[in-house]
1. Using the structure shown, select from K45/K129; K26/K130; K45/K130; K101/K127; K26/K46 the pairs with a Cα to Cα distance greater than 20 angstrom.
2. Measuring from label point to label point, each 7 Å out along Cα→Cβ, what is the S55 to N25 span in nm?
3. Can you sort L92, L128 by 1.4 Å-probe accessible area, starting with the largest?
4. Using θ = phi - 60° and the Karplus relation 6.51 cos²θ - 1.76 cosθ + 1.60, list the HN-Hα couplings for segment 119-131 in order, rounded to whole Hz, with x at every Gly or Pro.
Amino acid sequence: LDSLIDSSFGMKNPCPKMAGNTFINKVFQGTLERQITCNECHFEKKGDENFIDLSLNLTNNQTEVLSQSSRGVRAFRAASRADPLSSEAAELTDCLEEFFKTDQMDEDNKVQCSKCSAYTQARVKFKLKKLPKV
């Protein structure tokens, strides 16, 4: 699981500059808790990730698509079954629900569990740990 974090983010804290006490960080920075769960032994690895914004998908009529996000490979429901340029508004609650759903890694993105050493299609989930002040 450590290798997934390192390969996806390049370092334990993907935003080291966000660790400072700037005005922007004090007001806009929040923290996500990343949970990676082994499908074999169910070992759960947790880590924190600071954020200034969340990249929400604003597409309606969502279906499952594998996409690349700023946090690394992440499966999420992104493509529209209808016209992708539709002017129909997406609900914010639906967008947030999609963002925080548990994702199953695919066959090409297996990771080695740091507890049982099995290569597995781990489950990845993010939870809000600390909200920004605004």
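1. On the way: K45/K129 15 Å; K26/K130 12 Å; K45/K130 18 Å; K101/K127 9 Å; K26/K46 24 Å.
Distance filter (> 20 Å) returns K26/K46.
2. Simple spin-label model gives 2.2 nm for this pair.
3. On the way: L92 105, L128 85 Å².
Greatest to least solvent exposure: L92, L128.
4. Residue by residue, segment 119-131 yields 8, 9, 7, 5, 9, 10, 9, 10, 10, 6, 9, 9, 7 Hz.
The values are calculated or read from the model by the stated rules, or taken from the named source; none is laboratory data. Since the model is a prediction, treat every value here as computed from it, not as a measurement. As a convention, Cβ positions derive from the backbone with ideal geometry for all residues, glycine included, and neighbour counts pool all protein chains shown. Note: areas computed on protein heavy atoms with side chains; ligands, DNA, RNA excluded. Shrake-Rupley method; radii C 1.70, N 1.55, O 1.52, S 1.80 Å.
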